[in-house]
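Encoded as structure tokens, the structure appears first; notes follow it.
Each reported figure results from applying straightforward, stated rules to the coordinates on display, with no laboratory input. These figures come from a predicted structure and were not determined experimentally. We place every Cβ from the backbone using ideal geometry, glycine too, and count neighbours over all the protein chains shown.
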Amino acid sequence: MCVLLVMAVGSGCAAEPGRGGAGATGKAGATASVAAPAHGQEPGSPGRGDRKGEDAREGAGSRKAEGRGEGGKEGRRDARKDFGEEGGERGKKDEGRERAGGKAPAGPAEALAYAKRTKKIQAARAAAARRWGLRQAPLPAPPPPDEKPKIATRKGFEVDRHKGLPPVFTTVPTKQKVVFLTIDDGAEKDPELLRMMSELRIPYSAFLSDYVVRDDYGYFEKMQDRGVSLHNHTLTHPYLPGMPYAKQKTEICGQQARIEKRFGKRPRLFRPPYGSYNRDTLRAAKSCGVKAVPLWAAEAFPDHMEWREFDRDLHPGDIILTHFRGKAEWKGGMPDMIRHVMKVVTAKGYAVARLEDYV
């Protein structure tokens, strides 16, 4: 299962709690039955010391209103002011841009108000950064684009007859110095993560697998109330290319339905377990409303980063993957991971933006 910071990383998807790996694809779109990956390594992912040819190996491979109360509604409104809402829900584009990072001021009075508001937000972020042990406050993200960029499948990640199927990508096309944080699976449910991300105003997206989420849907409702979008990572986190179309469709579309029932919104984004997929995977995803398949350009851990690209660096629009994990499996907890990844991102001059504002 995986989390939204991504590139062809060494381990790809962290090992699932209580699970072994499955298999790997030899190249994008090719279904292969191969040996299971080593513990903690995704099928199809290269080892940490071998990055050569990663692209080819990596490529294939109603929430009910009851019980929420007014407090929950207010929390959602406050969070959406911080992070913005998805494009289809904004109503007014200008308001959405202002929530997400600030609409360009039109006149002197508005410019002054904007500057004061931005200064106040950054002061609060700086204070939160000190509380959470960050030496530098996260940089503010620029306003999102008026129109979302066109997303195309990354070269080498295509399947046969890919035209008309959801695009598979690791980086969003943008010139802005922004990256996107994504978190996979849902195994660790650390309340400190919710508080930390809200206080620091760091946007992120969650890709959920039901079998590790269903013991505490409430945790992810709180996450959603804070403005986080919840996306699809299958029901049980299987190795999809090893399954026939019908079973893949059950895994993907079943989770689409589950998320819509529990959280009130059908996901538009889907990430296949281990980053492995074939044409049937994309056909099944498209059949139940998936519009895009974001993989990752880098992966974050509490003590290090793993990189897809040969230059081992961040680039505008990169997606970062991480996981819901704790000290039982990591050298640290979720707050430690956030501290480390934000140290790297901020030091390189990048801000974390909201993926749904661009895709």
_Order 148-161, 207-220 from most to least packed using the mean count of other Cβ atoms within 10 Å._
207-220, 148-161
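How would you rank SER229, SER276, going from fewest to most other Cβ atoms within 10 Å of each one's own Cβ? Write out the running numbers ahead of the final one.
Numbers: SER229 24, SER276 32.
The most exposed by this proxy come first: SER229, SER276.
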_Distance in nm between pseudo-label sites at LYS261 and ARG135 (7 Å out along the Cβ direction from Cα)_ = 5.0 nm
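When HIS233, HIS315 are ordered from fewest to most other Cβ atoms inside 10 Å of their Cβ, what list results? Display every interim value, and only then the final one.
Numbers: HIS233 32, HIS315 17.
By the 10 Å Cβ count, ascending: HIS315, HIS233.
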*Work out the FRET efficiency for ALA246 and ASP216 from their Cβ-Cβ distance, taking R0 = 45 Å, and round it to the nearest 0.05.*
0.90
